[in-house]
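Encoded as structure tokens, the structure appears first; notes follow it.
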Amino acid sequence: MSKILVIEDEAAIRKILVKIISESNDTYEVDDAVDGLEGYKRIEKTDYDLVLCDIKMPKMDGVEVLEKSLKIKPETPFIMISGHGDLDTAVQTMRLGAFDYISKPPDLNRLLNAIKNALDKKHLVVENKQLKKRIGRNYEMIGESAAIGKIKGIIEKVAPTEARVLITGENGTGKELVSHWIHKKSNRSNGPMIEVNCAAIPPELIESELFGHIKGSFTGASKDRAGKFEAANKGTIFLDEVGDMSLSAQAKVLRVLQENKIARVGSDKGIKVDVRVVAATNKDLKKEIEEGRFREDLYHRLAVILIKVPALRERVEDIPILIDHFVKKVAREQGKLPKKFTEEAVKLLKEYQWTGNIRELRNVVERLYILGGEEISVEDVKMFANI
């Protein structure tokens with residue numbers, strides 16, 4: 001159901017509006033208020049999906065209702081109802097944040113279309129917020145160890161800047177998670193976050209993937225295609241496993257970082273891009289440089305800020321917290337209640353070396369949750385953990 005509030009001091013118009021809206025859609029639940037003050041009090045107490053508000057009213061006019069309401073319920077769309085002499089004020093309310101305005105007497109089709117569009121926008125805003133919350137949960141940084149505290153502190157300082165960041169660490173330590181936190185806490189958080197796994201793309205396709213191509217530039221290029229750098233414009237591009245990138249692609253990435261401009265494969269035309277680059281690798285890039293597999297000038301461009309993510313065996317004190325986090329996450333995914341791990345089971349898991357790091361721990365917790373008893377015991381760990 002969509003909850004709608006009509007604020008209108010003229011009784012006849014108010015009753016007509018309530019009747020028209022209620023009868024137009026059986027999913028609309030309509031309340032009404034006789035003046036601005038009553039309307040504002042209702043908005044304080046109830047989360048409405050939409051408010052239709054007259055402009056000229058006693059006790060509190062529509063402009064004041066709009067301004068005060070958007071301070072406490074900023075996502076609530078307002079459609080203002082204006083008399084013939086109120087058009088200038090109606091336009092002013094649009095600047096203040098109203099979604100639309102309807103002139104008196106209201107045109108039925110115009111009114112119902114405005115209501116539908118306003119509700120669609122409200123639902124989209126809510127869905128986006130829920131999606132961001134889910135994404136935020138997926139990329140939480142879990143742990144209270146000194147090593148994790150240090151990384152969080154670096155992120156807090158670095159994220160709001162435009163500095164490039166190189167994240168290093170073993171496979172499964174959470175390098176991708178760190179990159180998402182940098183983006184989330186940056187001034188680019190409303191822009192796109194584009195991920196490229198350089199190790200998963202064949203060398204002959206990496207340049208097309210990063211920079212795009214034009215039709216006919218190579219066999220199979222049947223149409224023009226934008227690359228990941230263009231897709232990341234005004235946002236962040238995450239070059240995962242950057243140490244696996246070909247030398248040819250490295251040279252082009254270096255040029256992008258120098259000129260803030262890309263050229264699609266097969267084209268000489270430059271395209272301006274505004275992108276923050278965050279890279280990650282599990283390789284020792286200094287050794288790769290010595291052996292001629294990685295460009296030293298690109299390394300220095302990428303590694304303005306270095307963040308080394310510790311292996312799980314270097315932050316053993318975080319294992320109980322991570323187990324608890326993963327148990328709750330798996331339980332949510334399974335639609336069941338979390339299970340408890342005995343102290344002995346946790347102690348045994350803390351003694352393991354975890355060569356696969358956090359990724360391996362997450363898999364083991366899920367396996368134990370599915371195969372173990374109501375309480376995960378040492379016996380369950382020995383039987384099902386496969387470690």
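Read-outs throughout are calculated quantities, based only on the coordinates presented, and are distinct from any laboratory measurement. Given the structure is predicted, the values throughout are model-derived calculations rather than measurements. Because the Cβ atoms are built from the backbone with ideal geometry, glycine has one as well, and the counts that use them run over all protein chains shown.
Going 7 Å from the Cα of R293 toward and past its Cβ, which residues in the stretch 152-193 have a backbone nitrogen under 18 Å from where you end up?
Residues 167-172 qualify, since their backbone N sits under 18 Å from the label point.
Can you give the angle from 0 to 90° between the axis of helix 87-96 and the longest principal axis of the chain, with both taken from C-alpha atoms, to the nearest 10?
Once rounded, the angle reads 20 degrees.
Looking at the stretch 282-344, which trypsin sites (Lys or Arg not before Pro) are DSSP coil and have at most 12 other C-beta atoms within 10 Å of their C-beta? Intermediate results must be reported in sequence, preceding the final value.
Values: sites: K283, K286, K287, R293, R295, R301, K308, R313, R315, K328, K329, R332, K336, K339, K340; in loops: K283, R293, R295, R315, K336, K339.
Those that pass, being in a loop and sparsely packed, are K336.
Taking square-rooted eigenvalues a ≥ b ≥ c of the alpha carbon gyration tensor, is the stretch 253-358 rounded, prolate or oblate, where a/c under 1.5 means rounded and, failing that, a/b exceeding b/c means prolate?
prolate
Report the far tail of the P(r) of the chain, meaning the percent of Cα-Cα pairs longer than 36 Å.
Values: 37320 of 74691 pairs.
Result: 50 percent of Cα pairs exceed 36 Å.
Rounded to the nearest 0.05, what FRET efficiency do K116 and K59 give with R0 = 25 Å and r taken as the Cβ-Cβ distance? Could you check? Write out the running numbers ahead of the final one.
Numbers: r = 30 Å, r/R0 = 1.22.
According to the calculation, E is roughly 0.25.
Looking at the square roots a ≥ b ≥ c of the eigenvalues of the Cα gyration tensor of the stretch 25-102, which shape do they give, rounded for a/c under 1.5, prolate if a/b is larger than b/c, or oblate?
Working: a/c = 1.41, a/b = 1.34, b/c = 1.06.
Verdict is rounded for the stretch 25-102.
What angle, in degrees between 0 and 90 and rounded to the nearest 10, separates the Cα long axis of helix 357-371 from the longest principal axis of the Cα atoms of the chain?
Helix 357-371 and the main axis of the chain meet at about 70 degrees.
Any chance you could check the Cα centroid distance between the stretch 22-82 and the stretch 360-387 for me, in angstrom?
About 54 Å separates the Cα centre of the stretch 22-82 from the one of the stretch 360-387.
Provide S208, S248, S179 in ascending order of the number of other Cβ atoms located within 10 Å of each residue's Cβ, fewest first. Working shown, then result.
Details: S208 21, S248 12, S179 25.
Listing S208, S248, S179 from fewest to most nearby Cβ atoms yields S248, S208, S179.
Quick one: which of K336/K382; K121/K184; K215/K252 span more than 29 angstrom between C-alpha atoms? Write down the numbers at each step before the final one.
Working: K336/K382 24 Å; K121/K184 23 Å; K215/K252 20 Å.
Beyond 29 Å between Cα atoms: no listed pair.
Just rank H300, H325, fewest to most, by other beta-carbon atoms within 10 angstrom. It would help to have the intermediate numbers written out before the result.
Numbers: H300 13, H325 18.
Ordered by Cβ neighbours within 10 Å, fewest first: H300, H325.
More than 27 angstrom separation, counting every C-alpha pair in the stretch 2-135; what % is that?
Working: 1130 of 8911 pairs.
Of all Cα-Cα pairs in the stretch 2-135, 13 percent lie more than 27 Å apart.
Could you tell me which GluC sites (Glu not before Pro) in the stretch 169-266 are loop residues by DSSP with no more than 15 other beta carbons within 10 angstrom of their beta carbon? Don't jump to the answer; show the numbers that get you there.
Details: sites: E170, E176, E195, E204, E207, E209, E230, E241, E259; in loops: E170, E204, E241.
Listed in order of number, the matching sites are E204.
Using only helices, what value at 222 nm comes out for the chain when you add -39,500 (n - 2.57) per DSSP H run of length 4 or more and divide by the total residues, to the nearest 500 deg cm²/dmol?
Working: 16 runs with 182 residues, N = 387.
It lands at -14500 deg cm²/dmol.
Could you give each residue of the stretch 296-309 its phi-based ³J(HN,Hα) in whole Hz, using Karplus coefficients 6.51, -1.76, 1.60 with θ = phi - 60°, and x for Gly or Pro?
Working through the residues one at a time gives 5, 5, 5, 4, 5, 5, 7, 8, 4, 10, 9, 10, 9, 8 Hz.
To the nearest 10 degrees, how steeply does helix 319-334 sit against the main Cα axis of the chain, on a 0 to 90 scale?
That helix lies at roughly 50 degrees to the long axis.
Assuming 0.890 mPa s and 25 °C, estimate D for the stretch 313-384 with Stokes-Einstein, Rh taken as the Kirkwood radius over Cα pairs, in µm²/s.
Working: Rh = 12.1 Å.
In µm²/s, the coefficient rounds to 203.
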